[in-house]
Amino acid sequence: MAHLARPSSGRRFGLLGSLALVGVVALLAAAGLWAGAVPVPFAAAAEASALREFTLTAEEIDWEIAPGTTVRAWAYNRQVPGPELRVREGDTVRITLRNELPVGTTVHWHGVDVPPAMDGPVGLNQAAVEPGEAFVYEFVATNPGSRMYHSHADPTVQIALGLYGPLVVEPRQLTPRYDREYTAMLNEWDLELTPDVATGKAPRGPRDAQLRGGELGTDLFLINGRAHEDIPPIAVAEGERVLIRLMNLGNLPHAIHSHGHSFRVVATDGNAVPEGLELVKDTVLIGPGERYDLELFGDNPGVWMFHCHMEHHAANGMMTLIWYDGALPTGPVASFFGPDGHLAPEGAGYLHDAPATEAAPSADSPPAIALATDSVDPGDGANPTGPAGDVVEVDLLDDRFEPPALSVAPGTLVRFVNRGANWHSVAAFDGSFDSGWIDPGGSFEVRLDARGTVKFICKHHGLRGMVGQVTVEG
């Protein structure tokens, strides 16, 4: 079973990509990580125990957390989190760790009762696996349920840089059957923590240096190594039962909340809750190292939020959707999509396919604007106008544009200024401009010459209603 992954079609997920994902869920299964929406196999009878062999290669890679945001990470098999390992209770598990990192490392099997020499803590249970070396872990899979694996050598930085992954020990008898199953691994990302910092080649960043007790800062909040528009939705059809394996390998607690649905907590730390004692909740607080298995029934069709209710965690990455087959949002965001749930017009694919390194347009090199023919009602009092040649500013205030709609004369320079505390990225729906990452205090400019209306969206906060439009008239 795979877990949450970006679509294998190559189109990135986001507010725009999530709706485009309707009807293509099957592509996710091939991608490797929340590649959900794959039917969960059901075995009526127990299978014989088997030898399950895997190889985990720890190495340094470039990892794209969100479009335009690529970091240097330490990863297993070139992905964050590492690949989901699935075995059956009673299987003999043999995992070869190959270390291609510049430092020693080990693997700990979180929640699995293994022999001491196989447990992973460096120094206490084994020597570090040095660069260029390999080590074979072997144990019998006990403790069926949602387990994890992660580095246990200098774990403060090695886990934070990406060395973790899910391990699922299926019970000998597979019951009950779920129509779809997802694994959601939660973690945080510190943009000041780099491999050079971890290996002592560079000092800590200015914010991290101010923290005490070895604490590291947090900039982004991740689900399966992704943030914002790169997190695919939880796809579901009406009448289906869905299992969500929620795993927290970060340093912070998260309050995961589902809109439109309550769920049953059917397992804690991988251990099944006795029948009849399951809690029915819509928010679960999950601490570092914990796991909760959530059973969700598809009885309320629509498009719903699924996010951390610590709101700054959601605003900085930890938010996705529960997405029913064929459904569309009922709010103004739906105007960015056609009736079939796909992006419209055709040019909108730019928002997903543009290279992360593409330079942002500027006043010195104005883009060719291909204006959309439709528009959104700006509402009363939200229609300031600037004369030709003027500069008009639009403030980015974390969850909204201010003003959300404006009219300008041809030749006006529109300047988007980030006056909030979060990062933003402003993109025209017709593909005519894309700001890339705008830091707090930063800005992005575009000169508009052609008459018409362009709708725009923050690709980080579109799911929170951050959309707007500019009309060039006169």
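The values are calculated or read from the model by the stated rules, or taken from the named source; none is laboratory data. Please read all numbers here as calculations on a predicted model, not as lab measurements. Quick reminder, even Gly has a Cβ in these numbers, built from the backbone with ideal geometry, and neighbours come from all protein chains shown.
The one condition from (1) modelled with pLDDT of 90 or more; (2) surrounded by fewer than 22 Cβ atoms within 10 Å (Cβ to Cβ) that residue 465 does not meet is (1). The listed residues are 200, 217, and the only one of them that is in the same structural domain as residue 82 (by TED's automatic domain parsing), assigned to a loop (DSSP other than H, G, I, E, B) and surrounded by fewer than 16 Cβ atoms within 10 Å (Cβ to Cβ) turns out to be 200.
Take the residues of the range 220-250 that are part of a loop (DSSP other than H, G, I, E, B) and touching a helix residue (DSSP H, G or I) at 6+ places or on another chain (Cβ under 8 Å): which is surrounded by the fewest Cβ atoms within 10 Å (Cβ to Cβ)?
Out of the qualifying residues, it is 233.
Would the range 131-145 turn up any residue that is farther than 25 Å from residue 51 by Cβ and either in the same structural domain as residue 288 (by TED's automatic domain parsing) or not charged (D, E, K, R) (or both)? Within the range 131-145 (the criterion being farther than 25 Å from residue 51 by Cβ and either in the same structural domain as residue 288 (by TED's automatic domain parsing) or not charged (D, E, K, R) (or both)), the answer is yes, since at least one residue qualifies. Could we say that residue 149 is aromatic (Phe, Trp, Tyr) and either farther than 18 Å from residue 57 by Cα or at pLDDT below 95 (or both) here? Judged against the criteria, residue 149 is not a match. For the range 147-183, filtered to residues that are in contact with a helix residue (DSSP H, G or I) (Cβ under 9 Å, 6 or more places away or on another chain) and either free of Cβ contacts under 8 Å to residues at least 12 places away in the same chain or of a type in the set (A, V, I, L, M, F, W, C) (or both), the residue that is nearest to residue 86 (Cα to Cα) is 163.
Among the residues in the range 119-129, are any closer than 22 Å to residue 286 by Cβ and either touching a residue at least 24 places away in the same chain (Cβ under 8 Å) or assigned to a strand (DSSP E or B) (or both)?
Checking the range 119-129: not a single residue is closer than 22 Å to residue 286 by Cβ and either touching a residue at least 24 places away in the same chain (Cβ under 8 Å) or assigned to a strand (DSSP E or B) (or both).
Among the residues of the range 221-247, those identified as under 13 Å from the mean Cα position of the chain (by Cα), of a type outside the set (Val, Ile, Thr) and at pLDDT 95 or above are 221, 222, 224, 225, 226.
I'd like the full set of residues that are among the acidic types (Asp, Glu) and part of a loop (DSSP other than H, G, I, E, B), limited to the range 157-187. Explain how you work it out, then say what you get.
Going residue by residue through the range 157-187, those that are among the acidic types (Asp, Glu) are 170, 179, 181.
Passing the criteria: only 179.
Which residue, of 31, 35, is surrounded by 17 or more Cβ atoms within 10 Å (Cβ to Cβ), touching a Lys or Arg at 6+ places or on another chain (Cβ under 7 Å), of a type in the set (A, V, I, L, M, F, W, C) and at pLDDT below 95?
Values: 35 fails: touching a Lys or Arg at 6+ places or on another chain (Cβ under 7 Å).
Every option except 31 fails the conditions.
Residues in the range 62-75 that are in contact with a Phe, Trp or Tyr (Cβ under 8 Å, 6 or more places away or on another chain), surrounded by 17 or more Cβ atoms within 10 Å (Cβ to Cβ) and part of a strand (DSSP E or B): 5 in all.
Among the residues of the range 283-296, is there at least one that is touching an Asp or Glu at 6+ places or on another chain (Cβ under 7 Å) and not β-branched (Val, Ile, Thr)? I'd like the intermediate steps shown before the answer.
Step one: of the range 283-296, the residues touching an Asp or Glu at 6+ places or on another chain (Cβ under 7 Å) are 290-291.
Filter again for not β-branched (Val, Ile, Thr), leaving 290-291.
Checked the range 283-296: at least one residue is touching an Asp or Glu at 6+ places or on another chain (Cβ under 7 Å) and not β-branched (Val, Ile, Thr).
Of everything in the range 255-306 that's assigned to a loop (DSSP other than H, G, I, E, B) and among the polar types (S, T, N, Q), which residue is farthest from residue 141 (Cα to Cα)?
First pass over the range 255-306, keeping only residues assigned to a loop (DSSP other than H, G, I, E, B): 259-262, 269-270, 273-278, 282, 287-290, 298-302.
Now restrict to residues that are among the polar types (S, T, N, Q): 262, 300.
Values: 262: 32, 300: 38 Å.
That would be 300.
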